[in-house]
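Please see the structure below; I have some questions.
The values are calculated or read from the model by the stated rules, or taken from the named source; none is laboratory data. Just so it is clear, the structure is predicted and the values come from calculations on it, not from any experiment. Backbone-built Cβ (ideal geometry, glycine too); neighbour counts: all protein chains shown.
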Amino acid sequence: MVPRGIPDAATPAVVARIVAGGRRWNLGAGRRLTFGRAGCDIPFGADPQDLLVSRRAGTLAESEGAIVISNTGRHPLLLLTASGDTHHIVSPGTALSAGLAEFHIVAVGTDGERHQIDVVHHRRQQVHRDQDTMQISVRLTQTERLLLVALCEPRLRTGDNHAPFATYREIARRVNRDDNYVRSRLATVRSNLAGQGIPGLLRDEPGPASRRLPDYIVRLGEWVIAAALVTVDDLELLSPDGSGRQG
């Protein structure tokens, strides 16, 4: 099961509190909350149903001292400051890392109706980048997505935030590729994300690569899950026999 909000078995530290439609949610460390018109953790544009709000409009998670907002829907979302000023427009298919202590997410629906989620981030840390908020547009090739799904498979299948990510060698075996090929392709993904300001992806690799997973590849896995670049639904890309589907 995909980790969402606060799990039943254990209660991780609450990193943010969310209010929408008079109801409250806690965002736990290492967890993700979905919001949208139907089938999501947080109803958003759902009562009454507003067809200009996507069924699965977006996700919220924490990463590197910032809340990552991913627009998984078909319509833009507005990020407003605590005072209500428009801070950013989150376009469909993009993610935004908001290093703000308090903000609002707004979707403009039918007849200009505004649907709003209020977020208060309790664990905000100093964000090591030029701006507190940045929008990231990520376009993955089919192969890159497959490799990222294989990287994150242990966490996606178990819902355990402490499950280890797959190693290069394990990824290579999972998708029937060479270790060096996997390294090269994931290095390209890391470089692209680092170029957009995501920290911790270009450190020198410590220790024997075949025995120990470098911190930066762990960081890559954590970020792509937080940004919903890969989800449990993507596990279907991995064939049961261990090969990736290339169709």
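Taking the stretch 168-199, which residues are in contact with a Lys or Arg (Cβ under 8 Å, 6 or more places away or on another chain) and of a type in the set (Ser, Thr, Tyr)?
Answer for the stretch 168-199, where residues must be in contact with a Lys or Arg (Cβ under 8 Å, 6 or more places away or on another chain) and of a type in the set (Ser, Thr, Tyr): just TYR168.
One residue is enough: does the stretch 28-51 have a residue meeting the conditions among the acidic types (Asp, Glu) and modelled with pLDDT of 90 or more? Outline the logic, then answer.
Our first condition is that a residue be among the acidic types (Asp, Glu); within the stretch 28-51, this holds for 41, 47, 50.
Right, trim to modelled with pLDDT of 90 or more and you get 41, 50.
Scanning the stretch 28-51 turns up at least one residue that is among the acidic types (Asp, Glu) and modelled with pLDDT of 90 or more.
Just to confirm my filter: which strands (runs of 3 or more DSSP E) fall fully inside the stretch 28-102 and include at least 2 residues that are among the hydroxyl-bearing types (Ser, Thr, Tyr)?
On the way: elements: 32-36, 58-63, 66-71, 77-81, 86-90, 94-98.
Strands (runs of 3 or more DSSP E) meeting the threshold: 58-63, 94-98.
Considering each residue of the stretch 57-84, count those that are surrounded by 21 or more Cβ atoms within 10 Å (Cβ to Cβ) and of a type in the set (Asp, Glu), and give that number.
1
Taking the stretch 36-79, which residues are under 15 Å from GLN116 (Cα atoms), touching a residue at least 60 places away in the same chain (Cβ under 8 Å) and hydroxyl-bearing (Ser, Thr, Tyr)?
Across the stretch 36-79, the qualifying residue is only THR59.
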